[in-house]
Structure formats: C-alpha cells, structure tokens
Amino acid sequence: MCGIIGMIGANSVVPYILEGLRRLEYRGYDSAGISTLVKGVVNRRRAEGKLAKLEKKLKDKPLTGNIGIGHTRWATHGAPNLINAHPHVSGPVSVVHNGIIENHKKLRTDLVASGFVMETDTDTEVVAHLVKYYHDQGLSPEEIMRSIIERLNGAYALVIMIADYPGTLMAARKSSPLAIGYGNEAMFIGSDALALAPMTRRISYLEDGDWAIVGQDYSNIYNAENKQVERPINLTEVSGALIGKGKYRHFMDKEIHEQPEVIGYTLSAFYDPNSGRMKMPELPFDPTLLPKLTIIAAGTSYYAGMVAKYWLEGLARLPVEVDIASEFRYRNSVLPKGGAALFISQSGESLDTLMALRHAREVEQHIISLVNVSESTIARESDIVLKTLAGPEISVASTKAFTTQLVVLLSLAVDWAHKRNFLNKKVSATIMTELSRLPITMAEVLADQGRWKACAHELALAKDVIYLGRGLNFPIALEGALKLKELSYIHAEGYAAGEMKHGPIALLEEGMPVVMVAPYDEWFEKTASNLKEALARGARVILLSDKEGIKRLDDEPAWVFEMPKVHPLIAPILYSLPVQLIAYHTANEKGTDVDQPRNLAKSVTVE
Ligand code: M6R
C-alpha cells in the first residue's frame, strides 16, 4: 500500500519525482526512495521514515538522470527500515511496487535456487530478481513483462527500469491502480492523477491486467491477454496546485474547520433550497422496487454506512445491510436479484472496498458509489457515482469526508423515502430545511474551542476511554473511539449505550473517562440511565448533549458540553464535530503526529 511514480524526460526527473511523491505520501510514509539512470548505471537514494528525510539525503548527495522511479512506502512485508525501502534493485534492474505479491515465498525459493541472493524481507524484491532472470536470458522488455506477469500472483502496480534500456520504463497493474501521464517531451507513470497533476493533466488510466512499455514520447499498452490496446487519454480535473495548511497548524484542524463550507457545497449538489427539489442522479433501477440495499465500506466510511442504515430503514422502509468491506467480500452473503450495493469511500481506492464492489458486480447487483475522489477506481467501476464535494482530504484521519458522506446519505434517504411513499412533502421539506441550516450550526460549535482543549488536557492522561451512543448516535460513538485511537494512541472503544451492561461495564473503574453522545431524542431517557450506571461506578462522564437533554439530568457529569439543538435525524452529523475535536486536541496534548499518525496511511490499497 504505497505510492509509486516513474518519469522519463529530456531533463532531470528528480524534482518531478519528488513532487509526485509529496502528493503520494498519503499512501504511506514508512520510507521513501528514488532510482535514476546515469550513463547506464542505476543510482539510488533511500531513507527510512517520511519523505522529508529522503529530501535531506538528496540535498547532501544529489541525484541526476532523465529517467527514474520513486516510491513512498507503507510496510506490509518487512519492517519499515532502510533495507526494505524501495526501489529494490537486482543488477541493472530497479523496481517500485504497490500491492502484495502473494506467491513471493515460492518465487523466493525458486530464485534462490537459481543463485539469486535475497537482501530484504519484502515481497517486492522477488520482482526485481525475476526481471533480471529474464533479462539475463536475452528477453526484450515486452517479453520480460509477459513472462513476469505469468508468474506473479496477488496485487501489484509496478514500475520497472532496466539500465540497458535508458529510454524505457515498464509498468503493470493488477488490483492496484496505475495511471500514465502524457507531458511535453516527457512521460509519467503514477499511482494516481493526484501525483501526476502538477506535471500533466493528460492522464490515461490502465485497466486491471494492463501492462505498458513507456518511452519519452509514447506508451504501448497491452491488456491481460497481451493484445496491444488503446486507453483513452482524459483531461484530469484533479488540481495540480499545492494544497497548503493555510493559517492552521495541521491539515486536520483545517479540514475540521472546512466542514460548514463543504457541507454547504455538497448539499447544494443534491438539493435546491429555493424550489425544495432533490437533485439526485438518474438511477438504472427503480428505488420503489428495490428489494434490499447492501452498504459496504471500511473504517470511518463504514460508520457513515451504519448511520445511513438507520435513515434508509427508518425513513424509506428499505431493508439495508451494512458490511465491513473486508468481511463482505469473503462471506458469501445472500444478495437478492435486482438488489443494489452502495460503496462508500473517501479515496475511492480502498482495496477491500474495491474487491467487494467487484464481487457485488459478479453477483449482478446495481453498483452505486459515494466517493470524494471522483476519478478514483471505485468511481470508475460504478454504475452511479454520488460525490461528496469535500475537496482534498489530506489528514489521515477522516473528518470532512465523513460529514459530507452523511449529508449525501441523508439526502438519498429522504429522496427514496419520498419516492417510496413513506414520507410526505412537508416532512421531507422540514428535514432538508434543517439540513440546509447545518453549516451555520456547525460554525457555532467550532467558534470557541477553549473547553474542548481543557477536557483534552485531562483525557490525554487516560489509558482507556469508552464512547457510548444509542440509535443514530451509536455509530458516532464508534467513530469517536476510532478517531481517539488513531490520533492519540489511547485505547478507546465505542459501544451501543444499552449494550454496556452486557459486558463492557466490567471495564469501568474510578476515574475512567466515558464520552456519551446523547442529544435529546426519543431514546434519551434510556441513555440517561446508562449514564447513571457509569457515574455510579466512578466513571468521569463527558456528556455531549443539548439544552433539553442537560435539563433532564439530575446527575452531574464531570464535563458537560451543550450542543445546539438540531432535528434528531441530523444530530449524528453535528455530533461528529465534538468527537473530532476531542481526538484532535487530545493528540495535540500528547504531541503525536496528528496528520500522519504512526502505522497508518490515508488510502489503504492492500487487502
Ligand atoms: O478512503 P476510504 O473512505 O475507503 O477509507 C476507509 C478507511 O481506511 C478510513 O476511513 C480510515 O478508517 C480513516 N483513517 C479514519 O479516520
């Protein structure tokens, strides 16, 4: 799960490869490396850790060359150290790889038997040796590609450079994305359009199983059957502009604050407040006849799917199943004829979600996706694409993508509820009008963060934190726990409030923080009882509620945060903010790497 790039041009490629790698760091930051060819010799610089370390190395010991490949790594096989950093080399061969070579052990044994010496613990090294093996037999680049592809199992996007071919890069993709960029007197290969956008807007996406031979002014693309094919060249809409933090200390802080604005944009793409009309895309099926919707996603996007289940079942009376992508794919689930599957993904590249999508297509479901990156693989493989207009989300922790996903999903639920005759015009209008006011309400919550910081100061000392929520706010409790874990490395668990007494209550002890996501709604009285149960066991309760909820309590939690009153259906979107703020400020208190937490990557492109 890494970012890869290759370039062949008239001038030094290193500054361009570095720029591409900067834009690919969201795919991993365990190590980075570049190889170039100078006078027929491979030159390589690698560094453990973030790209900045490689940049420093390059300052001390510059690299030149008009052909080169680069890599930013998220470790799968082998520790995140220098020896395992890509590019991997074998004599004149240099390789960068994103994915997992599943049969690497067998290939390793075969190659060792042929006299190759393994230097790393990675699965990728076998590719470098395999290329050298066929190169030594006198095969041409095309023949080498056909031969190695026959022997590789698993997922890969590869860029390969051989010193004896200083005018040629070789590339291949299976399950991991790869794009070719057409520049002026230069050609590029990269994991996505984002990496290539500063260099060129003319992008061609390789299809699954494709491989290519790329020269300075051409690309020959072949499909999985080794037939030469044309792939369309599109003008990417991805901006090549550098995305900065502006006045904010972290991208996450910036992205949290962008939410009122991007929620406004996203909503205006699906709803016209003047006419009161929904603006949903045409569907290839009739939602009134839909037997079941299966929602599939990972991480935070999965929690958005969980909230959507409450909305779609409650409002549209549509049976909905929500599944974790990595589970769904191999569960042999029962999907009805004529059913639809909705895939939610910020990046549109999560491999678990993509594989689940391909499985759903095989079993003849209508494929809908909800993505933030509109040129992503998941979007390109869907029948209908719903887009969140959150703009680029750089921080690894998802914030604005999540809340905009929720806005689209609620709009969809209202639209389908109306079409399925379960919601009259008046109630639909009330929900959508309240949703239109959400940006203003959110801005109020974000205005003063003094008390969130004070609370985070205390939370930063905790070893374990429990998050509780009920109904629509149960997924927000899960999301709160995930955000705290990934940002501050504090152990946190989210539970359905009513489930606490069935086991997790044993964890409660004097002083343990319990965050309760509890707007005043039809379930509030029950949640208030769970709050009492926690207080009775000495927990330090952090209550997120509104005026009405707080008024009804006769207890005194340690921290009470009064949230503005909103329609109960909209509360999960608004209450996403405090759980983001708590995690963000706690991470700051602990001094962790907010935008790039350890062991994580923004886009998870391995299964
Ligand atoms: O790009 P996706 O929405 O498919 O990503 C899914 C998860 O990897 C992602 O939401 C992850 O859980 C975030 N780091 C959470 O903040």
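The values are calculated or read from the model by the stated rules, or taken from the named source; none is laboratory data. Bear in mind that the values here come from a model prediction, so they are computed numbers and not experimental data. Cβ: placed from backbone, ideal geometry, glycine included. Neighbour counts: every protein chain shown. In case anyone asks, the SASA skips ligands and DNA or RNA and just uses the protein heavy atoms, side chains included. Shrake-Rupley method; radii C 1.70, N 1.55, O 1.52, S 1.80 Å.
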Rg in Å to one decimal, and Dmax rounded to a whole Å, for region 261-316 via C-alpha atoms: 13.6, 36
Added length on full extension, which subtracts the Cα-Cα distance from 0.36 nm per residue, Ser275 to Glu533: 88.1 nm
Enter the per residue convex hull volume of region 247-445, computed from alpha-carbon coordinates, in Å³ rounded to the nearest integer. 111
Check: region 247-445 dipole with +1 on Lys, Arg Cβ and -1 on Asp, Glu Cβ, in debye: 440
Could you give the nm distance between label points at Asp164 and Asn11, where each point is 7 Å from its Cα heading toward the beta carbon? 3.3
Taking N as its residue count, the alpha carbon Rg of region 448-595 over 2.2 N^0.38 Å: 0.94
Want the number for Asp136 to Glu119: 0.36 nm per residue separation, take away the alpha-carbon distance, what's left? 4.2 nm
Dipole of the chain (Lys/Arg Cβ +1, Asp/Glu Cβ -1, origin at the Cα centre): which of Asn84, Met442, Leu242 lies farthest to the positive side? Leu242
For the chain, build the charge dipole from Cβ charges (+1 Lys, Arg; -1 Asp, Glu) around the Cα centre, then report which of Ser411, Ala379, Phe188 sits farthest towards its positive end. Phe188
Given Ala308, Thr353, Ile368, which one lies farthest toward the positive end of the charge dipole of region 247-445, if we put +1 on the Cβ of every Lys and Arg and -1 on the Cβ of every Asp and Glu? Ala308
For region 247-445, give the share of DSSP beta bridges that are antiparallel, in percent and rounded to the nearest 5; count only bridges with both residues there. 10
What does the net charge come to around Gly78 if you take all other residues with beta carbon closer than 11 Å to its beta carbon, with K and R at +1 and D and E at -1? -4
Charges only on Cβ, +1 for Lys and Arg, -1 for Asp and Glu: so what's the dipole of region 200-271 about the Cα centre, in debye to the nearest 20? 380
Against the 2.2 N^0.38 Å scaling, with N counting residues, where does region 429-517 land? I'd like the Cα-based Rg ratio to two decimal places. 1.27
One-quarter of the Cα convex hull surface for region 7-86, in nm²? 5.0
Can you tally the lysine pairs in region 448-595 where the Cα-Cα distance is under 16 Å and the two residues are eight or more apart, or on different chains? 13
Hydropathy first: keep DSSP H helices in the chain averaging at least -0.5 on Kyte-Doolittle, then drop any whose Cα extent along the axis falls short of 20 Å, and list what survives. 299-316, 400-419, 425-447, 474-488, 576-590
Under the Kirkwood approximation applied to all pairs of distinct alpha-carbon atoms, what is the hydrodynamic radius of region 50-205 in Å? 16.4
Taking 174-187, 23-36 and ranking on average Cβ neighbours within 10 Å, highest first, one gets 23-36, 174-187
Please give the peptides 122-130, 287-295, 386-394, 87-95 ranked by average Cβ packing (other Cβ atoms within 10 Å per residue), highest first, as a rough proxy for protection. 122-130, 87-95, 386-394, 287-295
State in Å² the accessible area per residue of the chain; use a 1.4 Å probe, count heavy atoms of protein chains only, and round to the nearest integer. 39
In whole Å and largest first, what semi-axes does the C-alpha gyration tensor of the chain yield when each eigenvalue is scaled by 5 and square-rooted? 45, 27, 22
Test item: Cα-centred dipole of the chain, Lys/Arg +1 and Asp/Glu -1 on Cβ, debye: 580
Difference of contour (0.36 nm per residue) and Cα-Cα distance, Leu461 to Thr64: 138.0 nm
Mean shadow area (nm²) of the C-alpha convex hull around region 291-362 is 4.4
Expressed in nanometres to one decimal, the distance between label points 7 Å along Cα→Cβ at Asn223 and Ser268 is 4.2
Among DSSP beta bridges lying fully in the chain, give the percent that are antiparallel, nearest 5. 60
